[in-house]
Amino acid sequence: MKVRIGISLGPAGTPGQFADAVDLLEQAGVDSLWLSEITYSPLVEPFTGMAFALARTRRLKAGTGVSVLPGRHPVLVAKQLASLAGLAPGRVLPVFGVLPAQPAERVLFDVPDGRRAAVFDESLRLLRLLLTAERVTFDGEFFTVSDATVGTLPAKPLDIWLGGSAPAGLRRVGRLADGWLGSLLTPAEAGAAVKIIQDAAAEARREVEDDHFGLSLPVTLAGNGHGIPAPLLASINRRRPEADPATLVARGWDDARRMIGQYVEAGLSKFVVRPASPGPFGPFLDGFVRELLPIQN
């Protein structure tokens, strides 16, 4: 399996720092940039940031990690992706999820009460059709289009990855998606997730390629002993109250290398490393290049 390690900008993902950070990634030979969708924050919106980064670079890939699909019309999303793929072939990496990371933002992605999962499934089916067929007529429960087109399609169909870690979400990856990007899971939990996805794919008579399993890994360099910052602890306690945060966060570069090795043994090969502690982006990137890029094969 090809191990690839991309990076999320963290605090450097704001408009005032974004361009310089993108330039540094391109110059350093980093594989990919990943943009979080957190609307109520200073961070650049993912599709806007992808377009900017792809236009500014020639090699860097750009992905969403993770954008919400339910609450967006699939035709408009397909048009955005087809446009980006036409402008930057082979460098567009869409990953979608069912819910925003911030509970307060759910009202921004409006769907019928109790039907978010069903909307997600139908959105994924329509999105894939639009990205693989010249014209699409579709009559579903939530979306109806007639003779829809998004223009020139990618020569190689875009891989559509999903996030999430709930069993139903993992089975959705197996049934409908091309890959998975998890977060806040131990290596053992991530390995179990891979198996659920593969079993669901086999049941649906599909295949998710072996090297299409990934994880977002927070790395903290803050404090004595690389302590986990309070905001990250609060986020983990909200999302994984039963978990030991020390098993989900890499505390320093040695720990990051060790954990990535364990995830690779569990069947994962794609990683998004994100700075979890305050500090300038340049030194974090220097450490990333020095300590983690040699792991790639």
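The values are calculated or read from the model by the stated rules, or taken from the named source; none is laboratory data. Just so we're clear, the structure is a prediction, and the values are computed from it rather than from any experiment. Quick reminder, even Gly has a Cβ in these numbers, built from the backbone with ideal geometry, and neighbours come from all protein chains shown. Quick note on the areas: whole protein, heavy atoms, side chains included, nothing else; ligands and nucleic acids left out. Shrake-Rupley method; radii C 1.70, N 1.55, O 1.52, S 1.80 Å.
Brief remarks follow.
- Count of segment 83-104 residues, restricted to those that are touching a Gly at 6+ places or on another chain (Cβ under 6 Å) and of a type in the set (Gly, Ala, Ser), is 1.
- Residue list for segment 50-65, filter: surrounded by 23 or more Cβ atoms within 10 Å (Cβ to Cβ) and farther than 22 Å from residue 292 by Cβ: 50
- Segment 1-26, residues that are within 27 Å of residue 264 (Cβ to Cβ) and either of a type in the set (D, E, K, R) or exposed (fewer than 14 other Cβ atoms within 10 Å of the Cβ) (or both): 2, 4, 26
- Contacts under 7 angstrom Cβ, first residue in segment 203-219 being within 9 Å of residue 273 (Cα to Cα) and without any contact (Cβ under 8 Å) to a residue 60 or more places away in the chain, partner among the hydroxyl-bearing types (Ser, Thr, Tyr) and assigned to a strand (DSSP E or B), 6 or more apart: 215/183
- Residues located in segment 4-55, provided they are at pLDDT 95 or above and at positive phi: 29
- Given (1) within 19 Å of residue 101 (Cα to Cα); (2) of a type outside the set (A, V, I, L, M); (3) not in a loop (DSSP other than H, G, I, E, B), index of the condition residue 52 fails: (1)
- Test: residue 95 is of a type in the set (Val, Ile, Thr) and in contact (Cβ under 8 Å) with a residue 60 or more places away in the chain: yes
- Residue in segment 279-295 that is under 24 Å from residue 208 (Cβ atoms) and not in a loop (DSSP other than H, G, I, E, B) present: yes
- The residues of segment 155-177 that are assigned to a loop (DSSP other than H, G, I, E, B) and either farther than 20 Å from residue 119 by Cβ or among the aliphatic types (A, V, I, L, M) (or both), listed by number, are 155, 156, 157, 158, 159, 160, 166, 177.
- Among the residues listed as 76, 129, 69, the single one being touching a helix residue (DSSP H, G or I) at 6+ places or on another chain (Cβ under 9 Å), surrounded by fewer than 18 Cβ atoms within 10 Å (Cβ to Cβ) and of a type in the set (A, V, I, L, M, F, W, C): 129
- Answer from 287, 214 - the residue that is more than 21 Å from the chain's Cα centre (by Cα), at negative phi, open to solvent by less than 30 Å² (accessible area, probe 1.4 Å) and at pLDDT 95 or above: 287
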